[in-house]
Amino acid sequence: MINIIYGPKGFGKTKIILDQVDRAGSNAKGNVVFITDKRISTVSIDFNVRCVYTEDYNIDGAVAFNGFVNGLLAGNSDIEYVFIDGFKRIIGNTLDGAEDLFKSFEALQKEYPNLKFVVSVSSTREDLPEYIAKYID
């Protein structure tokens, strides 16, 4: 499963995803990873959730982020949820080149059948490319 949380800046996407992260941390059978580009207060996040800040890892673009996510899964095949907040900021403030990244997420889900991705994207519905919009519930 890939799920997209979208909306313009200030819409409340981070609050929505953090609520989902906390619920997953309390209920997941596998591990939960929360990836974001900048340090935020994680006091309210369940202590079982692994918080990863991409600013600590010099990620530059969609290709580098793809390698980063694959590396996380290579190191821990028990990951059930990968939450990604600030997707556009992480990959360079553009969705150019992101189609291959979503194809990679799909391939990872075939390899890890219980893996779920939840991704927040700053964009209106109309501006989302179809390869991302197809994941909106």
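Across the stretch 21-34, the number of residues qualifying as surrounded by 15 or more Cβ atoms within 10 Å (Cβ to Cβ) and either more than 13 Å from the chain's Cα centre (by Cα) or closer than 24 Å to Glu130 by Cβ (or both) comes to 6.
Out of the stretch 101-123, which residues are in contact with a Gly (Cβ under 9 Å, 6 or more places away or on another chain) and among the β-branched types (Val, Ile, Thr)? Within the stretch 101-123, just Val121 meets the criteria.
The rows are residues; the columns are (1) within 17 Å of Val119 (Cβ to Cβ); (2) aromatic (Phe, Trp, Tyr); (3) outside any helix (DSSP H, G or I).
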{"position": "Leu18", "(1), (2), (3)": "yes, no, no"}
{"position": "Ala24", "(1), (2), (3)": "yes, no, no"}
{"position": "Glu55", "(1), (2), (3)": "no, no, no"}
{"position": "Asn66", "(1), (2), (3)": "yes, no, no"}
{"position": "Ala74", "(1), (2), (3)": "no, no, no"}
{"position": "Ile84", "(1), (2), (3)": "yes, no, yes"}
{"position": "Lys88", "(1), (2), (3)": "yes, no, no"}
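Within the stretch 70-88, the set of residues being surrounded by fewer than 21 Cβ atoms within 10 Å (Cβ to Cβ) and farther than 15 Å from Ile4 by Cα comprises Asn70, Gly71, Leu72, Leu73, Ala74, Gly75, Asn76, Ser77, Asp78, Glu80. Are any of the residues in the stretch 50-63 under 14 Å from the mean Cα position of the chain (by Cα), polar (S, T, N, Q) and surrounded by 15 or more Cβ atoms within 10 Å (Cβ to Cβ)? Taking every residue of the stretch 50-63 in turn, at least one turns out to be under 14 Å from the mean Cα position of the chain (by Cα), polar (S, T, N, Q) and surrounded by 15 or more Cβ atoms within 10 Å (Cβ to Cβ).
Only one entry of Ile59, Ile136 meets the criterion of being farther than 21 Å from Met1 by Cβ and of a type in the set (A, V, I, L, M, F, W, C), and that entry is Ile59. Restrict the check to the stretch 105-116 and report whether at least one residue is in a loop (DSSP other than H, G, I, E, B), within 15 Å of the chain's Cα centre (by Cα) and at pLDDT 90 or above. Within the stretch 105-116, one or more residues are in a loop (DSSP other than H, G, I, E, B), within 15 Å of the chain's Cα centre (by Cα) and at pLDDT 90 or above.
Residue check: Cys51 meets all listed conditions (1) closer than 26 Å to Ala107 by Cα; (2) of a type outside the set (S, T, N, Q); (3) in a helix (DSSP H, G or I) but one, namely (3). Selection of the stretch 1-16 for residues being in contact with a Leu (Cβ under 9 Å, 6 or more places away or on another chain) and in a strand (DSSP E or B) yields Ile4, Tyr6.
Does the stretch 26-53 hold any residues that are within 15 Å of Val119 (Cβ to Cβ), polar (S, T, N, Q) and at pLDDT below 90, and which are they?
Taking the stretch 26-53 first, the residues within 15 Å of Val119 (Cβ to Cβ) are 32-37, 52.
Pick out the ones that are also polar (S, T, N, Q) and you get 36.
Correct list: empty.
The values are calculated or read from the model by the stated rules, or taken from the named source; none is laboratory data. The structure displayed is predicted, hence computed values, not measured ones. Note: ideal-geometry Cβ built from the backbone for every residue, glycine included; neighbour counts use all protein chains shown.
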